[in-house]
Structures are given as C-alpha cells and as structure tokens.
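J.: Let me begin by handing over the structure; questions about it come next.
What follows draws every value from the coordinates through simple rules; no lab data is involved. Remember, it's a predicted structure, so these values are computed and weren't measured experimentally. Here Cβ is always computed from backbone atoms with ideal geometry, including for glycine, and neighbour counts include all displayed protein chains.
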Amino acid sequence: MTEIGTIRMKRFLLLLILVAIIGGGFLLRFQAVTYTEVDNPIRADAAKYILYAYNLKNFGVYTHSNSGISGNPQLLKPDALVTPGYPLFLALFLDNQRITAYQYYQIQLFQVLLSTATILLSYLLCIPLLNRNLSLVVATLVALSPHLINMNVYLLTETLFCFFLTAFLAVMAWIKSPTDYGRLFGAGVLFGLATLTRPYTQGFVIVSALLLLAPSFRLGLWRVLALLLGFSVIVAPWVIRNLVVLDQVSDPTLTITSLYHGFYPGMMYEFRPESLGFPYRFDPKVNEFVYTLPGFVNELSQRAARQPWVYFEWYLWGKTATVFSWSILAGMGDVFVYPVIKTPYVDLSYFKSTHEFMRFTHEPLMILSLVGVILAWLPAKIAPVSHKAQWVGRFLALFILYFMILHILGAPFPRYSIPIRPVTYSMALFSLLVCWLILKQHSVSHSASSMENKS
C-alpha cells in the first residue's frame, strides 16, 4: 500500500470510530429520555422557563408570572429574572395550551440531537489543541458523560447552553488567519446565544477581546470588532428591551443572591447535613440580609471574623473543589436534578457501567484539567506544542479561570460545571499531552548528551 493509501485508510478508520462514538452517544441519550420517568418534571426552574415561554408566546409579555395561565393575563408584568435563550427555545414547541406530554417529549428529543451534536463539536474543538486520536478520546468522554446524558431528560438550560458554548469555542479554535472576520462574527453570534441562555458568560467576551488584541493591536482591533458585532446582534435587543421596559440592564438582585448563596462553607448552614445545597433555608438571619453589595460584604466579614480559617479555606479552594465535584447539590444528587421514579442508571447494566467508569475518572480528569490551565502558559521551549495548540490551550485555560473566579465569588453549585465538561475534558487531555511531550523532549536531550559524552 502506498503512503497516500495508508493515510487515507487511517483517516477512514478515524471517521468510522468517530461515527461509532457519536452513534453510541446518541443511543445513550435517546434511551435515557425514553426510559427515564421524572417525578413532577415541571417544577422549580423548569416551571419558571415554561411560564416565560407560555406568556411570551400567548400574551407577548416576558414574565414568569402565572397570571396568564390562570386566566388573568391583564395582571402580567414584564421582568428579567432569567435571560430569554431557553424560554425562546421552549416556545418553539408550545402552543396556546398548557404543555402536553407530547410537547415535553419533543423538547427532550431535540435536546438529544443538540447533545449529540455537542460530541462532534467537542471533537472539532480538540483537533487544533491535541490531535485527531486524542480528540476521539475527548469525544468519547463527552459521549459517555452521565451528567451530559441525563440533563436531556429535564427542561433546564444545560443542554442548550453546552451546545452554544462548545460551538463558540470550536469556531474560535478553528480561526485560520488574523483576518478571518467571518468566523469571528459567527463566533460572536454563538457566544451571544450562549450568553442569552446562561448570562454568566457575558464577561468572557472582554477576556476574548483582550486575547485577540494581544498579537497586534491594529490588526486585533478589527478582530475584536467582528467578534463584538456578532455578540451585539444577539445580546443588544435583550439589553435594549430591559432598558426600555424595566429601566435597568438586568435584575440586580441575581448577582447579590448568588454571592449570598455561596458564602456558606461546604454549602451547608453551620455544617448541618440536612442543609446541604439549601443552607439559606436554614439560616435564621436570612430575612435580615441587606441585598446590596455593601450589605453582603458586611455580613461576610462578620462571619469570617468568627471563623477565619473556615472561610479562608472555603474561598481559597473549597469552592473550586465543590463546583467541579460529581454529585449535584440542590437536587436529588449524583447525576440527577429533580427526583426520578425510573432511570436506566439504576436498571440497565451498560448505563451503570458507564456511570461507574465516569465516576471513577471524574476527579483525576478535573485535577488534570486544572493542571492544564497552568501548563498552557509554559513557553514553547519547555512545552513543545504547536503555536496553534498553545493559543487554543491558553484560550480554554482563560475560560476555566474565568469560570472558577465567578464561582469562587458566587454560588459553587456543581450543576454549573456540567455544561463545561467538553472544556475540562479537553484540558485534561491537553495536560497529559504536554507532560508526555516534555518527558519526550527531556529523554531526547538526555540521549543526545549521552552520545556526546561517549564520543
């Protein structure tokens, strides 16, 4: 076989493996939504998203009030408690009636398709960072992740957000030239859609802009403008709506609430096990909190003064460990948010096997991803990766750092880290690759030195 034939055969084999991974991931997701039975699925956040979608579609008012569905649409008042990305997605499947079982199933199936597409996007994201073989490993981890699979059964933002976020990062990773303005505009659009689904990402557009400015300010400025234009096309209508209707950009209580929810060490009130995930419900002073930034700082400083080491440990590394941990707090636990009556992760052996494998590898992968955040900044002389891989590695490292800082300040619910699994898996494999290349380079240098000494 010729060299060209061998290359084609290898590429064909890689394609077959990728198709098998994506197909397997689809089957796991499809079976999860068809087999799982959720106890009262339209509750809490899911009910809120449904109400937003219902009121917007039927009455043209963006609010989570139940006045419309109870027959009093004249009482509806607009609000901005959540961004409209996921409610708009849900509205595509609703009509003028309450949500039906068939519509619920339609939404689940579409989420399965988005989650399956995310497997492919994860593979594409990793090619410039790693290589095609290691990218298949990342795609496999994404395909098998019980958290990513199980989120498709709920009407929650994780699946849609993960799709948009991974698509944004993949497009950014595949920018081929400094003047690739079309891709940058497209990346901005995708990032805007991700931000309308989960607003915490909005600040990362500034980080992305600074990274694009780094090589050359003049050339980088046009790159930044292309990214910001795409982002603004999506996000600006929401900001303008809030300014016109509510006289504010967003609901200011959301950030303060997140700060308060995150200042309980171990996510418990006085380390009482029954308060895990909902510490504020057990805090007798919760109704006395002043929901302003100075009020939060004052309350935190008083509590930290009484237990300085506990709060130092919590904010220094406890929150990071919590947000990247396995079990979902403020929910049923393990990989479940709302309680389930029936699930393949209890009843089917191959689901249980993949669950145990991913549970066993979870902590090592999370630790490796954080190590990768550090290794990404090593100079090329020490970590001999390509210039492109170095840029993508640093871009993903900045995103993880941004994510960590937000949740060190705010509430570190583990559920928040589920949509960034493709990023953490990518950086974990990047960490292993860099370590291997450093060892290989050291081995070659050592062998060369030995040869010189012998001669």
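J.: Could you derive backbone 3J(HN,Hα) for segment 404-414 from the dihedral phi with the Karplus parameters 6.51, -1.76 and 1.60 (θ = phi - 60°), listing whole Hz in sequence and x where the residue is Gly or Pro?
T.: Each residue's phi maps through the Karplus curve to give 4, 4, 4, 8, 6, 7, x, 7, x, 5, x Hz.
J.: Near the amide H of Val38, under 5 Å away, which other amide H atoms are found, from residues 5 or more places off or on another chain, if H is placed in the peptide plane?
T.: Here Ile341 satisfy the definition.
J.: Still on this structure, please answer the following. Neighbour counts of other C-beta atoms within 10 Å: give me Val82, Val346 arranged from fewest to most. Before the final figure, lay out the partial values.
T.: Numbers: Val82 22, Val346 11.
Listed from fewest to most nearby Cβ atoms, that is Val346, Val82.
J.: Would you work out if segment 51-107 is rounded, prolate or oblate? Take a ≥ b ≥ c from the square roots of the eigenvalues of the alpha-carbon gyration tensor; rounded if a/c is under 1.5, else prolate when a/b is larger than b/c, oblate otherwise.
T.: Working: a/c = 2.44, a/b = 1.34, b/c = 1.82.
In terms of gyration-tensor shape, oblate.
J.: Another question about this same structure. Long-range amide H contacts for Phe336: which residues qualify at under 5 Å (H placed 1.01 Å from N, peptide plane, sequence gap of 5 or more or a different chain)?
T.: Here the answer is Ile328, since their amide H atoms fall under 5 Å of that of Phe336.
J.: Which one, [x] 46, 28, 20; [y] 40, 34, 21; [z] 38, 27, 25, gives semi-axes √(5λ) of the Cα gyration tensor in Å as derived from the coordinates shown?
T.: Of the labelled values, this structure produces [z].
J.: Can I ask one more? Can you pull the one-decimal nm distance between simple spin-label points at Trp309 and Asp247, each 7 Å off the Cα toward Cβ?
T.: The answer from the label model is 5.1 nm.
J.: Then there's this: Highest first, please rank the peptides 317-329, 61-73 by the mean number of other Cβ atoms sitting within 10 Å of their residues. Present the calculation step by step, with values, prior to reporting the outcome.
T.: Details: 317-329: 18.8, 61-73: 15.8.
Packing proxy ranking, top to bottom: 317-329, 61-73.
J.: At each listed q (0.10, 0.12, 0.14 Å⁻¹), what is the log10 of I(q)/I(0) that the Debye formula gives for segment 106-265 modelled as equal alpha-carbon point scatterers?
T.: -0.45, -0.65, -0.86
J.: On to the next question. Compute the long axis of helix 101-126 from its Cα atoms, compare it with the longest principal axis of the Cα atoms of the chain, and write down the angle in degrees, 0 to 90, nearest 10.
T.: Taking the Cα atoms of the chain, the angle to 101-126 is about 30 degrees.
J.: What is segment 273-368 by shape, rounded, prolate or oblate, if you read a ≥ b ≥ c off the alpha carbon gyration tensor as root eigenvalues and call it rounded for a/c under 1.5, prolate for a/b larger than b/c, and oblate otherwise? Please list the in-between numbers first.
T.: Details: a/c = 3.77, a/b = 1.88, b/c = 2.00.
Taking the square roots of the gyration eigenvalues as a ≥ b ≥ c, segment 273-368 is oblate.
J.: A further question on this structure: Tally Lys and Arg at +1 and Asp and Glu at -1 over the other residues with C-beta under 14 Å from the C-beta of Ile50: what net charge comes out?
T.: +2
J.: Classify segment 75-156 from the C-alpha gyration tensor, please: rounded if a/c falls under 1.5, else prolate or oblate depending on whether a/b exceeds b/c. Could you put the intermediate results ahead of the total?
T.: Details: a/c = 3.42, a/b = 2.18, b/c = 1.57.
Prolate shape, in that a/c is at least 1.5 and a/b is the bigger ratio.
J.: Considering only Pro279, Gly295, Val245, whose Cα is most displaced toward the positive end of the charge dipole of segment 238-307, charges sitting on Cβ of Lys, Arg (+1) and Asp, Glu (-1)?
T.: The Cα lying farthest towards the positive end belongs to Pro279.
J.: Show me 100-110, 304-314 ranked by packing, highest mean number of other Cβ atoms within 10 Å first.
T.: On the way: 100-110: 15.2, 304-314: 13.4.
Order by mean packing, descending: 100-110, 304-314.
J.: Return one number: the angle in degrees, 0 to 90 and rounded to the nearest 10, between the long axis of the Cα atoms of helix 204-213 and the longest principal axis of the Cα atoms of the chain.
T.: 30
J.: Would you calculate, for the chain, the mean residue ellipticity at 222 nm contributed by helices, counting each DSSP H stretch of 4 or more residues as -39,500 (n - 2.57) and dividing by all residues, to the nearest 500? Spell out each step's value before the answer.
T.: Working: 18 runs with 295 residues, N = 455.
-21500 deg cm²/dmol, from helical runs alone.
J.: Nearest 10 degrees, 0 to 90: what angle lies between the long axis of helix 158-173 and the longest principal axis of the chain (Cα atoms)?
T.: Here the helix axis deviates by roughly 40 degrees.
J.: If you take every residue apart from Ser177 with its C-beta less than 12 Å away from the C-beta of Ser177, what net charge results, scoring Lys and Arg +1 and Asp and Glu -1? Let's see the in-between values first.
T.: Details: positive: Lys176, Arg183, Arg223, Lys388; negative: Asp180.
With Lys, Arg at +1 and Asp, Glu at -1, the neighbours total +3.
J.: Tell me the net charge near Val340. Cut-off is 9 Å between Cβ atoms, Val340 excluded, with +1 for each Lys or Arg and -1 for each Asp or Glu. Show your work: numbers first, answer last.
T.: On the way: positive: Lys342; negative: Glu37, Asp39.
Within the 9 Å Cβ shell, the charges total -1.
J.: If you take the beta carbon distance between Glu288 and Leu15 as r and set R0 to 60 Å, what does 1/(1 + (r/R0)^6) give as a FRET efficiency, to the nearest 0.05?
T.: Values: r = 62 Å, r/R0 = 1.03.
Rounded to the nearest 0.05, the efficiency is 0.45.
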